[in-house]
1. Could you list, in sequence order, the residues of segment C:175-195 that are touching an Asp or Glu at 6+ places or on another chain (Cβ under 7 Å), of a type in the set (Ser, Thr, Tyr) and surrounded by fewer than 18 Cβ atoms within 10 Å (Cβ to Cβ)?
2. Which residues, counting only those in segment C:163-174, are surrounded by 13 or more Cβ atoms within 10 Å (Cβ to Cβ) and within 10 Å of C:Leu127 (Cβ to Cβ)?
3. Any idea which of A:Lys64, A:Lys77, A:Lys123 is within 17 Å of A:Thr158 (Cα to Cα) and at pLDDT 95 or above?
4. Of (1) at pLDDT 95 or above; (2) within 13 Å of chain B (Cβ to nearest Cβ); (3) buried (at least 24 other Cβ atoms within 10 Å of the Cβ), D:Val226 satisfies all except one. Which?
5. Would you kindly identify the strands (runs of 3 or more DSSP E) lying entirely within segment C:175-223 that contain at least 1 residues that are out of contact with any Lys or Arg (no Cβ under 6 Å at 6 or more places or on another chain) and at pLDDT below 95?
6. When residues of segment C:207-266 are filtered for being without any contact (Cβ under 8 Å) to a residue 40 or more places away in the chain, among the β-branched types (Val, Ile, Thr) and either more than 12 Å from chain F (Cβ to nearest Cβ) or surrounded by fewer than 23 Cβ atoms within 10 Å (Cβ to Cβ) (or both), how many remain?
7. Pull up segment C:37-52, narrow it to residues that are charged (D, E, K, R) and surrounded by fewer than 20 Cβ atoms within 10 Å (Cβ to Cβ), then point me to the one that is farthest from C:Tyr155 (Cα to Cα).
8. Only one of A:Ile81, A:Ile114 is surrounded by fewer than 18 Cβ atoms within 10 Å (Cβ to Cβ), closer than 25 Å to A:Val193 by Cα and under 22 Å from the mean Cα position of the chain (by Cα). Can you tell me which?
Amino acid sequence: MGHNSVIDQLKKNQIVDLLNEGNRLDGRKFDEHRSLTIDTNVIPKAEGSARARLGDTEVVAGVKVQVEKPFPDTGDKGMLICTAEILPIAHPSVETGPPGPPVVELARVVDRGIRESGMIDMKKLVLVENKAVIGIFSDNSVTDHDGNLFDACSYASTAAILSSKIPKYEIKDEVPVLVEGEFTETPITTIPVSVTMARIGEHIVVDPNSDEWMIMDARITITTNSDGNIVALQKGGSDGFTYEQLVKCSEISISVGSKIREIIKQSTQGN
Amino acid sequence: MGHNSVIDQLKKNQIVDLLNEGNRLDGRKFDEHRSLTIDTNVIPKAEGSARARLGDTEVVAGVKVQVEKPFPDTGDKGMLICTAEILPIAHPSVETGPPGPPVVELARVVDRGIRESGMIDMKKLVLVENKAVIGIFSDNSVTDHDGNLFDACSYASTAAILSSKIPKYEIKDEVPVLVEGEFTETPITTIPVSVTMARIGEHIVVDPNSDEWMIMDARITITTNSDGNIVALQKGGSDGFTYEQLVKCSEISISVGSKIREIIKQSTQGN
Amino acid sequence: MGHNSVIDQLKKNQIVDLLNEGNRLDGRKFDEHRSLTIDTNVIPKAEGSARARLGDTEVVAGVKVQVEKPFPDTGDKGMLICTAEILPIAHPSVETGPPGPPVVELARVVDRGIRESGMIDMKKLVLVENKAVIGIFSDNSVTDHDGNLFDACSYASTAAILSSKIPKYEIKDEVPVLVEGEFTETPITTIPVSVTMARIGEHIVVDPNSDEWMIMDARITITTNSDGNIVALQKGGSDGFTYEQLVKCSEISISVGSKIREIIKQSTQGN
Amino acid sequence: MGGRDPNVVLLDENGKRSDGRTVNETRKVTIKAGVLKNANGSAYIEFGENKILAGIYGPRDVHPKHLSNPDTGILRCRYHMSPFSVGERKNPAPSRREVEISKVIKEALEPAVILDQFPRTVVDIFLEILQADGGTRCAALAAASVALADAGIPMRDMVSACAAGKVADTVILDVNNEEDQAGQADMPMGYMPNLKKITLLQLDGVLTPEEYKKCVEVGIDGCNQVYEIQKKALEEKYFSKGDQ
Amino acid sequence: MGGRDPNVVLLDENGKRSDGRTVNETRKVTIKAGVLKNANGSAYIEFGENKILAGIYGPRDVHPKHLSNPDTGILRCRYHMSPFSVGERKNPAPSRREVEISKVIKEALEPAVILDQFPRTVVDIFLEILQADGGTRCAALAAASVALADAGIPMRDMVSACAAGKVADTVILDVNNEEDQAGQADMPMGYMPNLKKITLLQLDGVLTPEEYKKCVEVGIDGCNQVYEIQKKALEEKYFSKGDQ
Amino acid sequence: MGGRDPNVVLLDENGKRSDGRTVNETRKVTIKAGVLKNANGSAYIEFGENKILAGIYGPRDVHPKHLSNPDTGILRCRYHMSPFSVGERKNPAPSRREVEISKVIKEALEPAVILDQFPRTVVDIFLEILQADGGTRCAALAAASVALADAGIPMRDMVSACAAGKVADTVILDVNNEEDQAGQADMPMGYMPNLKKITLLQLDGVLTPEEYKKCVEVGIDGCNQVYEIQKKALEEKYFSKGDQ
């Protein structure tokens, strides 16, 4: 998103003034996320899929499951890779071509949050040790951009994985052969939920929308698991946090995270 | 080729005025292609080669034949890939670097015309099913550019393939071993011929040269086989065709195609 | 390094005037190289390493040794690859991104000088013929740039290779298995030394520094081996040499090369 | 025209195709206009199992500047497949196939749009294939037309699109993925019904001259059918909800 | 947090770690300022087995121009690993990991530098990892701060850096490579001691809320220790030798 | 100097080489000037089995602008191999070898051309290797000189080119592909006969100081031979046909 310093500064003043009075531009409470709706199975030909709408930000995630040759040092585990692309339909500022640093960071933070939570039991995705494992690719396509892509992509991918099924393979002479039409459950251990917060002045607000994103001082994304533990974190933006703010953010991430987790659970039930 | 709208418009007016009187700038009839000369075996170290001169457009095509591992789902067939590069010697407007959309289209249309005709019997190019097949690469290097590269590349590649020979391989323990100095015939089933036509106003002209190419409204390339059937087609340019024009173009492509086919046959005889 | 023609011309006049009086800007004799210091084992985790300081030019070279699959036609030999990167810390003019022609030339000249000398006995680096060989990668990172990177990189890589050790492998069922903690000597046959000379007017000066590099007419890099024979040569720059100058340069390269060879030997003794 | 497996029954004794359609029947097509928040115009199409989003930005400034035309606005088009849109995961980098399809779709739309009044600007068309099942270029082209209209871009006509083809020696309408893989010919078409102009036409596979004419006729008929659905999508947005 | 091999003894019965350190002890850190001839500022750090060069160029003109900001100078950062810096030779092209680390280090330094007085310019930070052994981003960040100071860039404070982590269910300071591979959590931190602001923070691995707080506290403590070494490096250059 | 297979007989008891030549004999060289329609100047060379096209465009505007020099015209050179030019099909993307050869050929021609009167312009030299058989850089350089002259670019002299080398412990002229693969040294040379300047010189392989001098002498002799053929090509175009 481009910068126009005069407009930006006016918008920033307006947002900060409101926050100082305890209000946000769109009427939300500081620790309130935007409306979240998740539809699963939107790409029926993929092994799992979901569309997440977080306010006016919208992401489609599709899961592809394929047999992969494992890396030499991790032959006893399956593979999980989450990616993210901001489609040019999503916002006038999006440029096509190789991903720049912000998109690389987006994809890696989404990937790490899900991977570090141990959401999928990777040990159960081995077909032939050191030779063939299940690879799970969860690709996020951002279709509309109104800020906080970190959480929207994370929720879309998490729901897509929860809705996914693993094709069944029989092993013949150490070679996996697909059994057409049969599937097993994806081995889920926990549901990771990322919560992104912006610091604007001394205020911490949850799920910043595009206006807040443009003028924030710093941001933090904290991912928690079903046990309420913290599994991943990423600070961003051109300023910092105090120790007290970091503690407060961790508490918010746990409480907001548990609400989001319920929405994700209900949206993916019956899959 | 760059654009200069005033010059272009004057040239267009001149060409259209002439066409309205039944004449082309270079004196050809509407359904007359430029002089076509084809020399084969111009790159003796390649397995097949040809230079095609279509008016002042000139292309060198070379065929390389190599053992390839087939794609998983086509292990019972050989491979054929035609490419095209417009060399920077060919025209002042050519830029080096990765190919842009026009060159990608050129290569794919040439490739599809030859591939879809079934010119080569791919089933006869299998060495070890699912493991090793003959791959035929026909690469076109455009050395001089005076319009209608589609047909010039197509003729050069077709002649290069007709003049090609396949090195002989013996199979030992499922591995192909080259038999030095022995060759088999490339298994040819038909001779595809593409004919490119430009629509300028309501006129259809065959084999547009550079001047006509720059100012045409739309173009169509129709490839026919030795049986006079249509095997591939590509419409291009920033305008369209009526149904009647499309029918007329198909008739032209068959009649002009059969003349070109004779030139190609005679040029490659004795190979 | 950028160009400013007026300043460049003034500097050139100053340097040429001095040379005409028999002097160089930094007080050296025409056939005198700058102070050369070499420290080895500066990257202990690499299999070999060296830092070379040639005047104010500084290069770190690291050697990595890995098992590689050989190319089809050289299955009876190990592999040696030398590369070079000019780090952006080295000079304000360095641009990041893919290497331009000067860096490609630098890397290839350094590589060729060492390779063509036969410094390493490649026949002794075969683990399983046609299947697994030792690959030696000597990567040069230029950290400070004051001209004549050719020689500085060559000395750094040569010293890094002299200081290197080859991990030991046992062959089990035609597969090499690493024997932890055991090493063999890198099989050295000769010590190549490159000497780069600039022609400025009719003068030949050894080891041009940055000022001389910017204004020289032409340059030549001649690599000699321990026997005093010439094993590689590269002329560069936008002018040429006479026959007599080329003969003189070859004589200088042998005499200066033997002095440099002693410095390299002493710096790497005890490795 | 990949496999051409002769064992697949593409047309049974009752004239029914593998998915139950008759020879002159398109798959089910639904189009919704105005589905994106940020884009100047947009449309979502489901064309059988194809699921495609079209978004329009512009007229807007051209970057880099030297691509702009002082006499008229220009059109750009990106056709792109999401990694999860096809059977085997697709590498997100644009393939040569995507580059070519972007070009033919752009050229199919150029005769329809009127950009003279927007010199030095560009109208960007972004087409995202979320799920592919044969005939994506036609479906994407049909969606792009609706999205252009939704963006308020002046147009001579909408471009409609549908493929004809040949299976079991019979000319059929709207080739699906299975028919494309095992059939004899596929002819995607773009058509402006009011102006009676074919603006996209490609062909893979062998046709006699008579079959060729039949294919073009059948394709035009399919385009006319899809055109009605395109118009309905715009009516639903602009009249049922009463906005604009 | 790659392997998490439970057989590695990361903390013995005496509270000693695999490399002999106590839980609150950093590896040996040495920093030297002003080590490069051409750069406007530079520093060399050894942080345990990590060996890293930092070089600064700027404030200088921005290319391409459109990246420049008329209101302030900007910061750019490249974190890069030499091919020989890691166990298996690294491809010299920048990886996605290097792109992300470059970005987080840049954002960790932005709160510290004062560039308003240098509008339309850039300060380039180049960080070269010559040898890596876990914790390179913290070591590189600490070196970058010293190099910026050496270049005379106005700063509110130096950014210090150190990682906290968790091994054998215990919160520890300064995770080395072995602990990162086999441990339970790694939390790299950047910190401005005078302003008490955390400007870099990442986490991989599972922490309870209490462990999280402990990690942040331990990390701050480590940063304070490294800060003293950073200051000493500048003092050694500017006061022991008396130059500038 | 790849294989150096000692079993190949590169020089028999009668002093004949594997292709029947004597030690001081070049392969058959034919050059034709003015072979391309669009280029400002061009030449086609057959040098043994090498077949190479050279085309010149310019003096013309430089893009991007910042590469231009306000004091003089500049030279650019692209040496490129067609995919079918070598035994195993070559990837069309430029290799590092092609990048280096482009640079040394450009530097070999710079001393010959006089571009002061064309400030801010570029002369582009495009060299296409249609078939390669050892010694392509010399053959391409010789063709480039003729093409530059054909384009009317002012020159101090034409640059001629030929390689010397060593096989079977004997210095020879014009190394072919087999001799390059199995021989002991290859020394490609570019030379301006009138100015007696060597403008391209490279060497792979081991030479004693005496052999080195001999190689340079033999190379100069070969360049003088090729120079006559270059001049003849220009005479044939400009005097036999009488044009320009």
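1. C:Thr189
2. C:Tyr169
3. Sole residue among the options that is within 17 Å of A:Thr158 (Cα to Cα) and at pLDDT 95 or above: A:Lys64.
4. (2)
5. Because the criterion is at least 1 residues that are out of contact with any Lys or Arg (no Cβ under 6 Å at 6 or more places or on another chain) and at pLDDT below 95, the strands (runs of 3 or more DSSP E) in segment C:175-223 that meet it are C:175-185.
6. So the count comes out to 3.
7. The selected residue is C:Lys45.
8. The conditions single out A:Ile81.
The values are calculated or read from the model by the stated rules, or taken from the named source; none is laboratory data. All values reported here derive from a predicted model rather than from experimental measurement. Neighbour counts run over all protein chains shown; Cβ positions are idealised from the backbone, glycine included.
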